[in-house]
1. I need the full set of residues from region 188-207 which are touching a helix residue (DSSP H, G or I) at 6+ places or on another chain (Cβ under 6 Å) and either in a loop (DSSP other than H, G, I, E, B) or closer than 20 Å to residue 255 by Cβ (or both), in order please.
2. Which of the residues belonging to region 258-278 are in contact with a strand residue (DSSP E or B) (Cβ under 6 Å, 6 or more places away or on another chain), over 14 Å from residue 161 (Cα atoms) and in a helix (DSSP H, G or I)?
3. So in region 236-257, with the set limited to residues that are at pLDDT 95 or above and outside any loop (DSSP other than H, G, I, E, B), which one is surrounded by the most Cβ atoms within 10 Å (Cβ to Cβ)?
4. Specify which of the listed residues (283, 287, 291) is more than 18 Å from residue 226 (Cα to Cα), out of contact with any strand residue (DSSP E or B) (no Cβ under 9 Å at 6 or more places or on another chain) and in the same structural domain as residue 193 (by TED's automatic domain parsing).
5. Please give the number of the condition residue 95 fails out of (1) modelled with pLDDT under 90; (2) in a helix (DSSP H, G or I).
6. Taking the residues in region 279-295 that are touching a helix residue (DSSP H, G or I) at 6+ places or on another chain (Cβ under 7 Å) and closer than 19 Å to residue 241 by Cα as candidates, determine which candidate is modelled with the highest pLDDT.
7. Scan region 96-140 for residues that are in contact with a strand residue (DSSP E or B) (Cβ under 6 Å, 6 or more places away or on another chain) and under 30 Å from residue 253 (Cα atoms) and jot them down.
8. Which of the residues that make up region 145-168 are surrounded by fewer than 18 Cβ atoms within 10 Å (Cβ to Cβ) and either in contact with a helix residue (DSSP H, G or I) (Cβ under 7 Å, 6 or more places away or on another chain) or outside the structural domain of residue 213 (by TED's automatic domain parsing) (or both)?
């Protein structure tokens, strides 16, 4: 038996069983091929993110109107224009020719730029080679709006205050109704409120050009100031105890307060109101859209004051 090697009794063979083939070098965590593969994958992912950012972008800002139909509609609505851009080599179609014709007739300058630059200006939005930028809106101070309303010798002061209206469509629609029924302006809070953007301008159908919007730091304090100045502060609330047809003090200065469709008036805002008025509706309808409710109430105020022209 001398010199004979002792075997493992099959233990080594059984230990190797089930391990399968040796992994590729690029799949071994500590191999340089694995590290190279991971670096290449990271670069590929980064390129993909860059391409997606370039393609979709962050979108145009609230003061931009982009695309041929939206720009044409904005021009017809007489939105104020800070700058208008057209991309070099933009394909001419009937809508673009309409825009060029309107711009020429109304002395609006169209600045020519590269498509890449227009992509950058509009945040990668789909601009179809045309875009306009609106100037920053100049809000009125609530005290100035109050003074204008109180010194109007043609009819008593009427303002609309918005509490929690965050949809710019609603803001624009309310401004449109305010203009239609003789209100002197609209008040919005600085926080938790829609602001005057391109969307609001469009929804107002041009009413923002002649119906001012005032912005206040503290809406409740402003309502208190208006009440001290002689305004009847009327809040719209579904559970109000006064029908809109019976609002007291309608022949004097009036501040109509409209809350959001979902939450209505905030508690502190309710406390600043002299009256909570309601619009009678059928039982199978829970509530009205804020802009619709404001329009109905403004009409009723104008009717009671005899300001409706039926000719």
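The values are calculated or read from the model by the stated rules, or taken from the named source; none is laboratory data. Remember, it's a predicted structure, so these values are computed and weren't measured experimentally. Cβ coordinates were reconstructed from backbone atoms using ideal geometry, including for glycine residues, and neighbour counts include every protein chain displayed.
1. 189, 194, 197, 204, 205, 207
2. Within region 258-278, none qualify.
3. For region 236-257, the residue satisfying everything is 256.
4. 283
5. Result: residue 95 passes all but (1).
6. Among them, the one singled out is 294.
7. 139, 140 - these are the residues of region 96-140 that are in contact with a strand residue (DSSP E or B) (Cβ under 6 Å, 6 or more places away or on another chain) and under 30 Å from residue 253 (Cα atoms).
8. 155
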